[in-house]
Structure formats: structure tokens, C-alpha cells
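Below you'll find the structure, written out as C-alpha cells, and then a few comments.
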Amino acid sequence: MTMRVVQVKCPKCNAPIVSKQKDMLFLCNQCNTMHMREEGVEVIPFEIAEFHPNIHGDDVYIPFWKMNATFEIRYKRSEGGLISKLASFLKAGSNTGNIAIYIPATDLDTATFRRLVSLFLSNPPRYSTRFNFGGVRNMPCTVTRREAAELADFAVVTMEADEPGVLQMLDYSLRINDSKIVYLPFVVTPAGLNPAL
């Protein structure tokens with residue numbers, strides 16, 4: 001068997017890209033273009049959030065797929081409670097609304113994954129952006145855009161299932177309108193990852 005090793009180059013400026021870790025995303029230090037080679041070469045829009053000036057420790061950036069989506073409830077029935085979390089995203093008097101879903105794009109344990117998805121679904125992060133990582137390490141991206149879209153669907157349903165009451169029936173559609181990578185700042189503590197926004 002023959003193996004061919006090819007130098008990864010930026011699709012925009014053709015500069016060689018060097019990475020110190022295995023990552024699905026490649027960032028060009030020359031022109032600040034990020035790309036992925038999932039199904040061919042694709043330029044990926046991205047943002048890097050600024051750390052809160054008073055929150056530091058063992059700093060790390062974690063990549064998230066930010067999925068901007070349109071959510072529509074076609075039919076719902078719950079017992080002993082309301083479908084309240086989903087209803088908060090709907091336009092007044094309507095069954096549709098827009099939602100930003102942040103899906104962790106790196107390997108995390110299930111409990112941390114669910115906690116972060118739920119946290120950012122109910123309280124979307126607000127942040128200023130910066131041009132680079134500023135010497136702070138970043139976790140590698142291990143989740144494709146397609147996988148993130150499937151996980152977004154799961155996140156919406158589990159978010160509602162965590163509410164009091166028994167969700168008996170939910171017929172909905174979730175259409176991903178656009179997506180990008182957002183690197184959010186965290187501090188690693190003995191208790192786990194804490195957002196540093």
C-alpha cells in the first residue's frame with residue numbers, strides 16, 4: 001500500500017499550514033482564513049471570543065458550531081407542564097421562531113456536552129471578538145458540520161424533555177440556515193469547564 005503525504009495549504013493565499021495537533025480545521029496564520037477538508041476544501045466562517053478580563057486560570061478555547069436555525073412546532077402536547085423552553089423562541093402568536101444552537105465541536109464527556117448545549121441554548125453567549133487565540137491553547141475540532149446539525153436536532157428535543165411535565169408529543173421542524181465555528185473561552189477547573197465570557 002502506498003501512502004501519499006501532502007502539505008496542507010491555505011485555499012485563499014496558498015501559504016503552507018502547520019498544525020501542532022490533529023484538527024479538522026486549518027487556520028492560516030498569513031491571511032486568517034479557516035478551512036476544513038471534510039468533503040473537499042471548504043472555507044469556514046469563524047469567530048474567536050474574547051476572554052472576560054477578570055476571569056483567567058487554566059485558559060482554553062473550545063470550538064462550537066453555531067447553528068442559526070428556524071424552528072417550527074407543527075403539533076405539541078404535554079401533560080403537567082408547558083412546552084416553555086421552545087415557546088420562548090417562537091414569535092408572538094406564531095409557531096415558528098429563530099434559534100441559535102451552540103454545539104460543542106470537540107470531544108467532551110456526555111454530561112459536559114449536555115450542560116454546555118443547555119446553557120447556551122437558554123442563555124446564548126454574548127462576547128467581543130478577537131483576531132487570534134493570543135497564545136491560548138484551543139481544543140481541536142472533531143465534529144463535522146453534518147454531525148453538528150444532527151446533534152442540534154437532538155439538543156432541541158432534550159432541552160424540552162428536561163422541563164417539568166411529561167412531553168407526550170412533539171412534531172417540529174428545524175432548518176439550519178447557516179453555521180460557523182465560534183471559539184468560546186473557558187477556564188479548566190477541578191470541577192470541570194467554566195465559561196470565561
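Every read-out reported here was derived from the displayed coordinates using simple, explicitly stated rules and does not represent laboratory data. No experiment lies behind these values; they were computed from the predicted model shown. Note that each Cβ is placed from the backbone with ideal geometry, even for glycine, and that neighbours are counted across all protein chains shown.
Cβ under 12 Å from THR144's Cβ, THR144 left aside: what net charge do those residues give with Lys, Arg +1 and Asp, Glu -1?
With Lys, Arg at +1 and Asp, Glu at -1, the neighbours total -2.
Calculate the length of the line joining the C-alpha centroid of region 10-68 to that of region 103-164, in whole Å.
First find each Cα centre; the distance between them is then 16 Å.
Going 7 Å from the Cα of ASN132 in the Cα-to-Cβ direction, what parts of region 6-38 have a backbone nitrogen less than 17 Å from that spot?
Taking a point 7 Å out along Cα→Cβ of ASN132, the residues of region 6-38 whose backbone N falls under 17 Å are 10, 13, 15-21, 26-35.
For SER179, SER173, which order do you get if you count the other beta carbons within 10 Å of each Cβ and list the fewest first?
Ascending number of Cβ neighbours within 10 Å: SER173, SER179.
Taking 0.36 nm per residue of separation and subtracting the Cα-Cα distance, what length does fully extending TYR75 through ALA92 add?
Gain in length upon complete extension: 4.5 nm.
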